[in-house]
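First comes the structure, then the notes that go with it.
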Amino acid sequence: MYGAGMAKGLLVTMKNFVKPDRMFTVQYPDRKVSPTELAKMSGVGVFTFMRKNPKTAFKAMTGQMTVPARLKQHPRFRGEEFTWYEQRCTGCASCAKYCPLGIIRIVTSPSGEQVQEGQKYHLDVFDIDIGRCMFCGLCVEACPYDALHMGSGFEEGKYRRKDLVVTVDRLKSQPKHPSTWFRPQIQGKEGYHPHGEKDVTWQEAGRHEQPSRKHQEEKWAKR
Amino acid sequence: MAIRTEPVTVNLGPQHPSTHGVFRLRVTFDGEVVLDVEPVFGYLHRGTEKLAEERTYVQVVTLTDRLDYVSAMTNNLAYVRAVEKLAGIEVPERAKYLRVISSELQRIASHLIATGFLLQELGAFATPLMYCFRERERILELFEMLCGARITVSYMRPGGVLQDAPEDFWPALDELVKAMPQYIEELEGLITSNEIVLARTKDVGVLTAEKAINASVTGPMLRATGVQWDLRKADPHEVYDRVEFDVPIGAIGDTYDRYLVRVQEMRQSLRIIEQCVKQIPKGDIRSRTAYFIRPPVGDAYGAVESPKGELGFYLVSDGGIAPYRCKIRSPSFINLTVLRDLLAGWKMADLIIIFGSTDIVLGEVDR
């Protein structure tokens with residue numbers, strides 16, 4: 001019958017039109033909130049909230065109040081702000097060597113400190129130019145001491161290219177919320193998510209315990 | 001004596017929404033009818049083949065993501081297969097299954113885009129495309145679980161895959177495999193028997209089997225002409241010889257057949273994934289290889305059936321840490337060679353649809 005196919009197609013459209021759970025629009029970067037949700041956020045009952053801030057409650061009722069929305073994201077997501085542990089890094093520059101674009105710059109000098117029972121180098125420069133980074137994660141994969149991890153963000157926007165360079169000071173000072181990408185030891189931790197509040201300490205970030213002098217001597221003697 | 005008329009040459013693109021990227025068609029029209037077509041490309045040329053000569057074998061994987069950017073998994077697979085042939089690297093069983101699962105998911109995602117944009121070009125603006133994107137989104141979420149990225153995955157490595165699937169991947173995959181047939185049915189309900197689609201696509205842009213073989217066209221475009229050629233059957237790589245699936249073929253090779261073959265291939269891909277999930281063994285996911293792979297002097301050609309056709313990498317090694325030469329046989333580029341035969345004689349409105357049904361991606365055409 002002519003027109004049957006068209007009716008079938010329109011039926012599909014109608015079905016999607018009326019079913020509320022079929023909506024798949026993701027609200028970003030802000031989403032609307034109801035007064036109930038606002039009250040929950042401030043930790044008081046709905047009526048108390050409405051009495052205390054009637055203006056905000058009215059705005060929320062009419063759909064004018066928004067809060068920043070965070071996208072659902074897997075903890076493995078390869079994000080832009082790198083997490084780096086100074087205590088674990090030996091300055092071997094494996095990451096710089098393995099980067100396909102050569103955007104990691106490392107300058108080291110002998111520090112005289114003993115880390116992992118060997119000479120540790122002091123990192124004068126550890127620059128990652130994320131303006132050119134493609135987030136393939138080869139640097140993270142190459143790091144033999146689990147010092148470098150991917151981050152979880154994707155919203156870094158700057159007006160100048162030089163602002164996109166992640167410097168060693170920023171790497172030292174920023175909160176340690178590494179992505180679990182290629183780091184099964186972090187992924188194994190119960191309920192860890194980079195968006196959470198909890199920091200990962202440098203001891204937890206490593207794949208293995210710090211080897212003792214005896215262990216290393218045995219290992220090298222066997223070779 | 002009648003007034004003399006002349007054909008008019010029009011540039012379609014490179015910034016035309018229906019040329020799938022930056023692609024230019026110099027079309028000579030006689031009124032509404034296409035007389036001649038000259039494809040002009042190179043606007044997206046990034047020199048991937050040359051860049052590959054300056055990078056190690058593992059680093060090139062990141063470049064292959066950017067070739068066919070709607071099916072990065074199969075690009076990875078084709079490249080690592082060439083490296084494995086070249087260097088003689090063994091792949092663990094679990095990694096083979098993970099590779100097949102991820103590349104079949106990618107095939108579904110790619111065909112959804114092809115179908116969605118075909119509808120877009122038919123004039124069903126945005127809504128059916130968003131239906132397709134909604135399903136694709138779920139597949140991309142699975143990729144995010146596997147490898148932390150959605151489009152530029154860089155998941156495969158010579159000698160296996162990068163990392164094992166997380167625990168929450170398998171229930172999510174099961175859910176998708178269960179839900180997907182309904183989605184495909186819904187999509188078919190919109191298109192397959194729709195009179196407008198039938199009128200616009202049936203018997204439009206017919207490609208004969210002989211012409212397709214002569215131009216070495218591969219993929220759904222070839223299978224729509226009725227030739228049963230699929231590299232997954234002809235040269236079973238990974239675990240394709242252990243799973244059952246059919247190769248859907250079309251009847252006459254018109255635009256409608258090309259669409260129909262793609263939809264049926266999505267169903268077959270789901271069948272493959274279902275079987276792989278049942279068969280997948282436990283074990284290693286990556287064999288031990290040196291980071292700087294130094295293959296012996298020689299050459300190798302690795303090819304897979306990508307969603308667009310046969311994607312092959314020809315690598316020449318001089319014994320160093322980087323390929324001496326890397327040639328990419330990209331299906332989109334070679335499928336374009338029949339464009340003039342396909343388009344000549346059709347009207348302007350048909351041109352857009354026929355061109356859309358060839359499903360090219362400019363990242364792969366220009367490389």
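Every read-out reported here was derived from the displayed coordinates using simple, explicitly stated rules and does not represent laboratory data. None of these values were measured; they are calculated from a predicted model. Please note: Cβ atoms are built from the backbone with ideal geometry, for glycine as well, and neighbour counts cover all protein chains shown.
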Among B:I196, B:I184, B:I151, the residue with the largest mean-square fluctuation in a Gaussian network model of chain B built from Cα contacts under 10 Å is B:I196
Once the stretch A:135-195 is represented by equal point scatterers at the alpha-carbon sites, with solvent omitted, what log10 I(q)/I(0) does the Debye formula produce at q = 0.12, 0.30 Å⁻¹?
-0.35, -1.41
Three-way shape call for the stretch B:285-336 based on the alpha-carbon gyration tensor, with the a/c threshold at 1.5
oblate
What Rg and what Dmax come out for the stretch B:8-366 when only alpha-carbon atoms are used, in angstroms?
20.1, 64
Given a cut-off of under 8 Å on Cα pairs at least six residues apart, what relative contact order in percent is computed for the stretch A:27-69?
60
Highest-fluctuation residue, A:M134, A:M150, A:M41 considered, GNM on chain A with Cα pairs under 10 Å:
A:M41
Under the span-like rule (Cα at least 15 Å along the axis, Kyte-Doolittle mean at least -1.0), DSSP H helices of chain B:
B:72-87, B:93-122, B:127-147, B:169-191, B:255-279
Rounded to a whole number of µm²/s, how large is the Stokes-Einstein D of the stretch A:79-205 at 4 °C and 1.567 mPa s, given Rh as the Kirkwood radius over C-alpha pairs?
86
Largest first and in whole Å, give the semi-axes of the protein assembly as shown's equivalent ellipsoid, each being the square root of 5 times a Cα gyration tensor eigenvalue.
45, 34, 24
Once you wrap a convex hull around the alpha carbon atoms of the stretch B:1-138, what is its projected area averaged over all directions, in nm²?
12.4
What is the gain in length, in nm to one decimal, between A:A4 and A:Q87 on full extension, counting 0.36 nm per residue of separation less the C-alpha to C-alpha distance?
22.9 nm
Across A:E81, A:E37, A:E155, the residue with the highest GNM fluctuation in chain A (Cα network, 10 Å cutoff) is A:E37
Fewest to most neighbouring Cβ within 10 Å: what's the order for A:V166, B:V58, B:V247?
B:V247, A:V166, B:V58
Tell me whether the stretch B:211-367 comes out rounded, prolate or oblate; compute the Cα gyration tensor, take square roots of the eigenvalues as a ≥ b ≥ c, and use a/c under 1.5 as the rounded threshold.
oblate
When the Cα centres of the stretch B:205-242 and the stretch A:143-210 are compared, how far apart do they sit, in Å?
46
For chain A, any Cys whose C-beta has no other cysteine C-beta under 4.7 angstrom counts as unpaired, and these are A:C89, A:C92, A:C99, A:C133, A:C136, A:C143
Calculated log₁₀ intensity ratio I(q)/I(0) where the Debye formula runs over C-alpha points of the stretch A:60-151, q = 0.10, 0.20 Å⁻¹:
-0.36, -0.97
Got the relative contact order for the stretch A:79-205 handy, in percent, Cα pairs under 8 Å and 6 or more residues apart?
30
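Compute the Cα gyration tensor for the stretch A:27-69, then decide on rounded, prolate or oblate, letting a ≥ b ≥ c be the square roots of its eigenvalues: rounded whenever a/c is under 1.5, prolate when a/b is larger than b/c in the other cases, and oblate in all that remain.
Here the stretch A:27-69 falls in the oblate category.
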Residues A:S173, A:S42, sorted so that the one with the fewest Cβ neighbours within 10 Å comes first
A:S173, A:S42
Starting from the eigenvalues of the Cα gyration tensor, five times each then square-rooted, give me the equivalent ellipsoid semi-axes of the stretch B:145-299, largest first, whole Å.
34, 23, 14
With the contact rule set at Cα under 8 Å and sequence spacing of 6 or more, what percent relative contact order holds for the stretch B:61-206?
27
Neighbour-count ranking for B:H45, B:H111 (other C-beta within 10 angstrom, fewest to most) reads B:H45, B:H111
Would you give the gap between the C-alpha center of the stretch B:328-367 and the C-alpha center of the stretch A:1-63, rounded to a whole Å?
43
At 222 nm, what helix-only mean residue ellipticity would chain B give, in deg cm²/dmol to the nearest 500, using -39500 (n - 2.57) for each DSSP H run of four or more?
-14500 deg cm²/dmol
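Are there GluC sites (Glu not before Pro) in the stretch B:129-184 that DSSP puts in a loop and that have at most 15 other Cβ atoms within 10 Å, and which ones?
Within the stretch B:129-184, the qualifying GluC sites (Glu not before Pro) (loop, at most 15 other Cβ atoms within 10 Å) are B:E167.
Where does chain A land at 222 nm, in deg cm²/dmol rounded to the nearest 500, when only DSSP H runs of n ≥ 4 count, each adding -39500 (n - 2.57), divided by all residues?
Dividing the helical sum by the residues of chain A leaves -8000 deg cm²/dmol.
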Convert 25 °C to kelvin, take the viscosity as 0.890 mPa s, use the Kirkwood radius over C-alpha pairs of the stretch B:104-167 as Rh, and evaluate the Stokes-Einstein diffusion coefficient in µm²/s, rounded to a whole number.
190
